[in-house]
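Undergrad: Right, I'll just put the structure down here and ask away after.
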Amino acid sequence: MALLVDILVPDNAFVALDAKGGLVGLAGMQVNGAGFLSGSFADLRRHYGLFSALWRGSLLEVLDRPSRPGVLQMDGICVAAQARGQGVGTALLTAIFAEAARIGCTIVSLDVIDSNPRAKALYERAGFRRVTTESTGPLRFVFGFARAEKMHRQITPADAESEG
């Protein structure tokens, strides 16, 4: 957790808070090469030591999804267990769509893993459609999932009118 605090770029994330101000959701995005996490190998080494930084960095490199012009790449979304089913994920996605429209992106892209059907259902309800499926091969034992689907959603004029 300390690493995330050190490398978080708040301008590239949306948060959802409960009535008491507690964090119940987070959605990170990557646009024009800048993500919501800006860590380096030196950061990994400082937090985990050289050996651990080497294997963690290698795995993170495999998962990296660089942004493309006109595409807002979601880096991740999470909703606290006690807030699931209350519209938090939908609100975070609405904010992402509004931001994509504001900065001139025409597509929001994300990856969803096969072991997270609840997230996939949320994305499909929000208008995302599968583009490709990628297998993790033997790394499935390391990552804990066998496949990831890349999903896209077109940004519409209505998204620009949504509040983020």
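Undergrad: Just wondering, is there one or more residues in the stretch 47-56 that are under 25 Å from residue 106 (Cα atoms), surrounded by fewer than 16 Cβ atoms within 10 Å (Cβ to Cβ) and modelled with pLDDT under 80? Outline the logic, then answer.
TA: Narrowing the stretch 47-56 to residues under 25 Å from residue 106 (Cα atoms): none.
For the stretch 47-56, residues under 25 Å from residue 106 (Cα atoms), surrounded by fewer than 16 Cβ atoms within 10 Å (Cβ to Cβ) and modelled with pLDDT under 80: absent.
Undergrad: Another one. Looking at the stretch 145-152, is at least one residue in contact with a helix residue (DSSP H, G or I) (Cβ under 6 Å, 6 or more places away or on another chain) and assigned to a strand (DSSP E or B)?
TA: Initial filter on the stretch 145-152 (in contact with a helix residue (DSSP H, G or I) (Cβ under 6 Å, 6 or more places away or on another chain)): 146, 151.
Okay, now just the ones that are also assigned to a strand (DSSP E or B), so 151.
Yes, there is a match, as at least one residue in the stretch 145-152 is in contact with a helix residue (DSSP H, G or I) (Cβ under 6 Å, 6 or more places away or on another chain) and assigned to a strand (DSSP E or B).
Undergrad: If I filter the stretch 95-122 down to residues being of a type in the set (Gly, Ala, Ser) and not in a helix (DSSP H, G or I), which single residue comes out as surrounded by the most Cβ atoms within 10 Å (Cβ to Cβ)?
TA: Let us first name the residues in the stretch 95-122 that are of a type in the set (Gly, Ala, Ser), namely 95, 98, 100-101, 104, 109, 115, 119, 121.
Still in the list and also not in a helix (DSSP H, G or I): 104, 109, 115.
On the way: 104: 11, 109: 20, 115: 14.
Here the residue is 109.
Undergrad: State yes or no: is residue 96 of a type in the set (A, V, I, L, M, F, W, C), over 15 Å from residue 27 (Cβ atoms) and within 16 Å of the chain's Cα centre (by Cα)?
TA: On the way: of a type in the set (A, V, I, L, M, F, W, C): yes; over 15 Å from residue 27 (Cβ atoms): no; within 16 Å of the chain's Cα centre (by Cα): yes.
Judged against the criteria, residue 96 is not a match.
Undergrad: For the list (1) more than 21 Å from residue 15 (Cβ to Cβ); (2) surrounded by 15 or more Cβ atoms within 10 Å (Cβ to Cβ); (3) at pLDDT 80 or above; (4) not small (Gly, Ala, Ser), I need the number of the one condition that residue 130 fails.
TA: (2)
Undergrad: Against the definition (within 13 Å of the chain's Cα centre (by Cα), at pLDDT 80 or above and either surrounded by fewer than 17 Cβ atoms within 10 Å (Cβ to Cβ) or outside any strand (DSSP E or B) (or both)), how does residue 89 come out, yes or no? Before you say what the answer is, go through the steps one by one.
TA: On the way: within 13 Å of the chain's Cα centre (by Cα): yes; at pLDDT 80 or above: yes; either surrounded by fewer than 17 Cβ atoms within 10 Å (Cβ to Cβ) or outside any strand (DSSP E or B) (or both): yes.
Spelling it out, residue 89 is indeed within 13 Å of the chain's Cα centre (by Cα), at pLDDT 80 or above and either surrounded by fewer than 17 Cβ atoms within 10 Å (Cβ to Cβ) or outside any strand (DSSP E or B) (or both).
Undergrad: Could you list, in sequence order, the residues of the stretch 60-77 that are surrounded by 13 or more Cβ atoms within 10 Å (Cβ to Cβ) and at pLDDT below 70? Can you show your working first?
TA: At the first step, the residues of the stretch 60-77 found to be surrounded by 13 or more Cβ atoms within 10 Å (Cβ to Cβ) are 60, 65, 67-68, 70-77.
Selection gives 60, 65, 67.
Undergrad: Pairs needed: first member in the stretch 104-119, under 19 Å from residue 31 (Cα atoms); second member anywhere, surrounded by 17 or more Cβ atoms within 10 Å (Cβ to Cβ) and of a type in the set (Asp, Glu); C-beta distance under 6 Å; at least 6 residues apart or different chains.
TA: Cβ pairs passing all conditions: 112/149.
Undergrad: Something else now. What residue, of 155, 113, is modelled with pLDDT of 95 or more and not hydroxyl-bearing (Ser, Thr, Tyr)?
TA: Details: 113 fails: modelled with pLDDT of 95 or more.
Only one candidate passes the filter, namely 155.
The values are calculated or read from the model by the stated rules, or taken from the named source; none is laboratory data. Note that the structure is predicted; figures quoted are calculated from it, not measured. Neighbour counts run over all protein chains shown; Cβ positions are idealised from the backbone, glycine included.
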